[in-house]
1. Out of the residues in segment 150-176 that are away from the ligand (no atom under 11 Å from the Cβ) and among the polar types (S, T, N, Q), which is most open to solvent (accessible area, probe 1.4 Å)?
2. Give me a count of the residues in segment 439-466 that are open to solvent by 80 Å² or more (accessible area, probe 1.4 Å) and either modelled with pLDDT of 90 or more or closer than 28 Å to Asn111 by Cα (or both).
3. Taking Thr655, is it open to solvent by 60 Å² or more (accessible area, probe 1.4 Å), closer than 19 Å to Ile591 by Cβ and not acidic (Asp, Glu)?
4. Checking Leu469 against (1) open to solvent by less than 30 Å² (accessible area, probe 1.4 Å); (2) within 24 Å of Val665 (Cα to Cα); (3) free of Cβ contacts under 8 Å to residues at least 24 places away in the same chain; (4) not polar (S, T, N, Q), which test does it fail?
5. Is it the case that Asp718 is modelled with pLDDT under 85, acidic (Asp, Glu) and open to solvent by 40 Å² or more (accessible area, probe 1.4 Å)?
6. Considering segment 229-246 alone, what residues qualify as being closer than 22 Å to Tyr280 by Cβ, part of a loop (DSSP other than H, G, I, E, B) and of a type outside the set (Phe, Trp, Tyr)?
7. For segment 469-558, give me every one of the helices (runs of 4 or more DSSP H) that falls completely inside it and has 1 or more residues that are in contact with a Ser or Thr (Cβ under 8 Å, 6 or more places away or on another chain).
8. Given the criterion open to solvent by less than 40 Å² (accessible area, probe 1.4 Å) and either farther than 30 Å from Pro412 by Cα or acidic (Asp, Glu) (or both), identify the matching residue among Glu489, Glu507.
Amino acid sequence: MSSHIVVTDEMFFNEVHKYITDEKSLDMIRRAHEFARQKHEGQFRKSGDPYFTHALNVGYILATIQAGPQTICAGLLHDVMEDCGVSFEEIAELFDEDVANLVDGVTKIGNIQFKDEKEYLAANHRKIFIAMAKDIRVILIKLVDRLHNMRTLAFHKPEKQKKIASETLQVYAPIAHRLGLSEIKNELEDLSFLYLQPEKYREIASLVDAKKAERQKLVDQMIEEIKAMLLEHNFHFRIFGRCKHLYSIYNKMVTKNKRFDEILDLYAIRIVTETELNCYEILGYIHAAYRPVNGRLKDYIAMPKMNMYQSLHTTILDRTGNIFEVQIRTEEMDSVAEKGVAAHWSYKEGKYNSASEQKEIENKLGWFHDMITMMDEAQLEHPTDFMNQIQKDIFEANVYVMTPKGRVIELPNGSTPIDFAYRVHTDVGHSMVGAIVNGAMVPINTKLKTGDVVNIKTAKGTGPSEDWLKIARTATARSKIKAYLQKKENEDRAETIAKGEKMMAEEIRKRGLDEKEYLDKSRYEGIYGQLGVNNYNELMYAIGIKSANPSHVVDKISNIKRPTMVDNVTLAYMFKAREKKKKRTVSEGGIVVEGIDNMKVSIAGCCMPVYGDPIVGYITKGFGVKVHRADCPNIINESSRLIDVSWDESQEEHTYECWLRIDAVDRNFLISDIVTLLSQYKITITGLNSEVLPDKVNSYVEIRIKVKDNVQLQSVIDNMRKVDSIVSVSRIMK
Ligand code: MN
């Protein structure tokens, strides 16, 4: 590891001169070097070093992997936008647009803030990271930037060290691996390991150290034997031993559950030769001389890995039974293995990396494909499907946009500022009055693109309008808008009803009538039909909107005589009812059947009424009374077998089962959030089905629960509707 090398200007330029001789490029690199030095003047790192040392290190590492001149310049300048307020235009003017785009890309990625692990899986981080970068060179610079920051992590507080190291291990190292940047990946992993588990790190490091001399002797001996044999056959080659890096040893110990000795029992040797044919010939000689271990021969020359890695791998035994892993490859393959992508675009004199060249490399790498294999290697059954899926996922299904503070918001493609606003917060959506995208005011139906920075303008006392329903793309935004409009309508209605009541009261007072008597709601019952309304609220609403006249209404109710005496017929009816009441059945579930005793009563399994629901009894043939919800479609046409039933209000607490269906935009932890909500009500779950729909975006959950009554049930439904990404919640029949 080169962590302790102090990089000087001279070392940097020496590295650059090794492969760049074109005067125009050299001049640009010299100017970028000087510009960055001046701009960072007076700024210092946590280590106390001048800030410029960081920029210089990033440029230097990029030069060691032979990145092109633009990439080197952007590496030197990567922090000047963020830390020195230099604009895109200034960089484009002084250097070129390509350099400005790269610096801009690195700056944008640097501003991404990931939520904690619980909400966003590392796989998502990587996906967003890649989707935002757009240009592989941006990723390359960002990886090198992170590498130098990791090398100097000692100067941060332990808590911060752990956070950065864990992000490096989960997001950056896998990306480096997939781009085939194995050296960078190994160093990122070992440094992360050091900060995340310092004790384990030191333990393994000292074990490796202790065995070093012994191991070295065995490897050297084997190298000498193979060397002698190959020289006899006139091969041109290099041969050397390799040491495993600490994190990979640790990882094997944990994942394969092996002891340290078992892992270190493997000695590694690499042979680098001239041609592909040489590789196969050398393999033949080695297998002739040593016993190969069955099933360990891998031909990555004929079948390269996704990250373009090519090599032959075999495992052999020496005469005393030591195991050696031998890699055989050409110089070119070795360079790809060490430098990955960078090897492919190692700067070729006089040739700049064009956009089409970059595209070609990306295609060759099939790296979107890799993004998915990285997420789940085991799922890879239909490679082309997955390739399509991930491309769709990144370019069609989702856009990644940012808040001004750099928080990434993931939205389906075609989303607008309205969707963004509701995703940020319901209140932001409800009070949105306009949107600024990338610094410019835009219409609210503008389609957002990956990388857009969206700033929502809000104002108090405003609200969504009906039109928004046509603009919003996400189900979440639409359902929140609908709920708002519905609530507003209800509020308006309540206001109008109150106004109607006030107008009535004024009319009654004006006429000097008895307010108590005339404002009694039951007083109005007899006139609903004449006024074309169904109930009290409708009547007051009609008055409120002035479609009914209060004076006219008072006239009408004055004409109705209130009953003052109970007549004989009524008396007889009341008596009969009381008689009937003597016979009744109260079921275990707290259901009362009047007029019959010893009745078998049970709750219908289709509509599953809960306490408080309007219910009706259905007399079955031989199974007693089944209690349905009054509106259950199964009994609606069965009037001859229906009898009145009611809930026993004096009953002890009982629970009732029912099914809910929850439709949602699929996300991590959806079911766990639903279960958490139910547990807050201490509600028991007795069944659960869930499925992600074929569109891979929406999902549903059906859940069977036990509730106290319909009030509790309604409260559960109301609160569940507020859970993020849930679109609708309803009671269903089974
Ligand atoms: Mn930096």
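1. Taking the candidates together, the pick is Gln170.
2. Selection size over segment 439-466: 6.
3. yes
4. The failed condition is (1).
5. Spelling it out, it is not the case that Asp718 is modelled with pLDDT under 85, acidic (Asp, Glu) and open to solvent by 40 Å² or more (accessible area, probe 1.4 Å).
6. If the condition is that a residue be closer than 22 Å to Tyr280 by Cβ, part of a loop (DSSP other than H, G, I, E, B) and of a type outside the set (Phe, Trp, Tyr), then His233, Asn234, His236 are the ones that fit.
7. 475-510, 536-544
8. So the residue among Glu489, Glu507 that is open to solvent by less than 40 Å² (accessible area, probe 1.4 Å) and either farther than 30 Å from Pro412 by Cα or acidic (Asp, Glu) (or both) is Glu507.
The values are calculated or read from the model by the stated rules, or taken from the named source; none is laboratory data. Quick caveat, the model's predicted, so the values are computed rather than measured. Cβ atoms come from the backbone with ideal geometry, glycine included; neighbour counts cover every protein chain shown. Surface accessibility is based on the protein's heavy atoms, side chains included, excluding ligands, DNA and RNA. Shrake-Rupley method; radii C 1.70, N 1.55, O 1.52, S 1.80 Å.
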